[in-house]
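One structure is given here, and the rest of the page talks about it.
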Amino acid sequence: MPHISILSSSVRTGRHSHRVSLYFKKYVEENKLATNEYQFPVFNERLKFQPSPSAQVMEFATKIKSSDGVIIVTPEYNGGYPASLKNVVDLLYEEWHRKPIAISTVSDGSFGGTQVITSLQFTLWKIRAWTVPAMFPVPKVAEAFDENGNAIDKVRTDKRAATFVNELLWCIEATKRMSNT
Ligand SMILES: Cc1cc2nc3c(=O)[nH]c(=O)nc-3n(C[C@H](O)[C@H](O)[C@H](O)COP(=O)(O)O)c2cc1C
């Protein structure tokens, strides 16, 4: 069974995109894909240069490294992704290498945060992660999910999520097969 981690990028008070992270948590649990979720710390230096990293940082690094794949849920802030997400991408290095990553973008407007994709993909490419060619944009997030991550239209949302997560699973399988050769 693959192990998928979910990164909830927003640390904003009253954040709405977290609803989508909670939805994915439920989704992968319902579909028997193990999961964990994490809110990352702010760092002063990259992990590999920290003389005595905190237990929280080490736990985060271990979780990313041991995950077979990652779902990043990110809001759009002024056309880009939040500083909190860049912070955690830059914190690690080889932990990201060849890590299959699926990106879900979120906004409270009509466009689902899709302007984030190119800049985030470039950063992840630069750090040698594998971004999965699938999208899960969420427009009008507060109308689409409740506070507990329940989709208002569960059937339609689950169908979209299946396409999105299946693409991630394909990449996870491909990575595993290559690692075994
Ligand atoms: C600093 C900031 C900048 C934003 N910029 C955009 C934007 O460029 N495009 C957009 O569609 N929504 C933008 N929004 C609205 C967010 O999409 C909306 O607030 C969303 O709920 C943010 O996710 P969060 O609640 O998890 O922080 C912005 C929100 C904030 C707080």
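The values are calculated or read from the model by the stated rules, or taken from the named source; none is laboratory data. Not measured: the values here are computed from a predicted model. For neighbour counting, all protein chains shown are included, and Cβ atoms are generated from backbone atoms with ideal geometry for every residue, glycine included. Ligands, DNA and RNA are excluded from the accessible area calculation, which covers all protein heavy atoms including side chains. Shrake-Rupley method; radii C 1.70, N 1.55, O 1.52, S 1.80 Å.
Which one of S8, T175, S52 is farthest out on the positive end of the charge dipole of the chain, using unit charges on Cβ (Lys, Arg +1; Asp, Glu -1) and the Cα centre as origin? It is T175, whose Cα lies furthest towards the positive end.
Taken per residue, the accessible surface of the chain reaches 53 Å², heavy atoms only and a 1.4 Å probe. For the chain, the number of Lys pairs separated by eight or more positions or lying on different chains, with C-alpha atoms closer than 17 Å, is 17.
Ordering Q115, I127, V141 by Cα displacement along the dipole of region 113-181 toward the positive end leaves I127 in first place; charges were set at the Cβ atoms of Lys, Arg (+1) and Asp, Glu (-1).
The packing ranking, built from the mean of other Cβ atoms within 10 Å per residue, places the peptides 53-59, 23-29 in the order 23-29, 53-59, highest first.
Placing +1 on each Lys and Arg Cβ and -1 on each Asp and Glu Cβ, with no other charges, gives the chain a dipole about its Cα centre of roughly 340 debye. So what is the diffusion coefficient of the chain in µm² per second by Stokes-Einstein at 20 °C and 1.002 mPa s, using a Kirkwood Rh over Cα pairs? D, rounded to a whole number, is 130 µm²/s. Under the criterion of Cα pairs below 8 Å and six or more residues apart, the relative contact order for the chain equals 25 percent.
The fraction of accessible area contributed by carbon and sulfur in region 27-181 is 53 percent, rounded to a whole number (1.4 Å probe; ligands and nucleic acids excluded). Of the residues A151, N166, L85, the one whose Cα sits farthest towards the positive end of the charge dipole of the chain is N166 (charges of +1 on Lys and Arg Cβ, -1 on Asp and Glu Cβ, taken about the Cα centre).
Only helical runs count toward this figure. For the chain, summing -39,500 (n - 2.57) over DSSP H runs of n ≥ 4 and dividing by all residues gives -13000 deg cm²/dmol at 222 nm.
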